[in-house]
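Asks: Sending over a structure as structure tokens; questions will come in a sec.
The values are calculated or read from the model by the stated rules, or taken from the named source; none is laboratory data. Source: prediction; values computed, not measured. Note that each Cβ is placed from the backbone with ideal geometry, even for glycine, and that neighbours are counted across all protein chains shown.
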Amino acid sequence: MKHEMIDEYNTRGEKIGIVDKAVAHEKGLWHKSIHVWVINDKNEILIQYRSAEKDLYPNTWDCSFAGHIDAGESSIEAVLREGKEELDIDIYLENLQYIFTNREMFEYGQVKSNEFVDIYILRQNVCLQNIELQTEEVSDVKYVSIKEFFQLIENGNVMPHKIEYMVLKEFLK
């Protein structure tokens, strides 16, 4: 069994140690992750369809790419790593904009997740034909208009990031 080590935080966001991600999810320990929303020049959002193999919310639409921040890793380093791992894209930092950090708490099956999620917008044209999916994580990607995206949220089958969606709606007006 592969152990993913992540930094553990207290409720104020102060680092207090290192823990196995599985233990953090089992005990509901606070940790950090990133969500990145890729937006192209046509003002379309790149969304991913989570693989059927995922433990959390399989077969669900989600942000362009996401992931936990590894122990000792910065948020930006996680963005660069996850973009490469999940979609095989190179990220140009001048196109990356930090939006806010969301305190996200949810339970799904046996997982109790308490995360500080750094949310980013990446304004970069990513060609769908050049994307190489990390198939154990992502089964499909597509661009949708901002209007289609918020209709998709209303209709369900998206990850439940309610506060994040409210902020994005205001930000993308």
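Asks: Cβ contacts < 8 Å: first residue touching a residue at least 12 places away in the same chain (Cβ under 8 Å) and under 12 Å from GLU86 (Cα atoms), restricted to region 41-69; second residue part of a strand (DSSP E or B) and of a type in the set (S, T, N, Q), any location; separation 6+ or different chain. Result?
Replies: Once the first residue is touching a residue at least 12 places away in the same chain (Cβ under 8 Å) and under 12 Å from GLU86 (Cα atoms) and sits in region 41-69, its partners that are part of a strand (DSSP E or B) and of a type in the set (S, T, N, Q) give TYR49/SER139; ARG50/SER139; SER51/SER139; CYS63/GLN48; SER64/GLN48; PHE65/GLN48; ALA66/SER33; GLY67/SER33.
Asks: Taking the stated definitions as given, is ILE47 surrounded by fewer than 16 Cβ atoms within 10 Å (Cβ to Cβ), assigned to a strand (DSSP E or B) and among the β-branched types (Val, Ile, Thr)?
Replies: No.
Asks: When you go through (1) in contact with a Pro (Cβ under 7 Å, 6 or more places away or on another chain); (2) of a type in the set (D, E, K, R); (3) within 15 Å of TYR120 (Cβ to Cβ) one by one for ARG81, which number turns out not to apply?
Replies: Failed condition: (1).
Asks: Somewhere in region 142-149, is a residue at pLDDT 95 or above, within 29 Å of HIS25 (Cα to Cα) and not hydrophobic (A, V, I, L, M, F, W, C)?
Replies: no
Asks: Can you pull out every residue in region 5-40 that is free of Cβ contacts under 8 Å to residues at least 12 places away in the same chain and not charged (D, E, K, R)? Please lay out each step first, then the result.
Replies: Residues of region 5-40 that are free of Cβ contacts under 8 Å to residues at least 12 places away in the same chain, as a first pass: 12, 14-17, 23.
ILE16, GLY17, VAL23 - these are the residues of region 5-40 that are free of Cβ contacts under 8 Å to residues at least 12 places away in the same chain and not charged (D, E, K, R).
Asks: Is at least one residue of region 9-19 at pLDDT 95 or above and under 14 Å from the mean Cα position of the chain (by Cα)?
Replies: No: zero hits.
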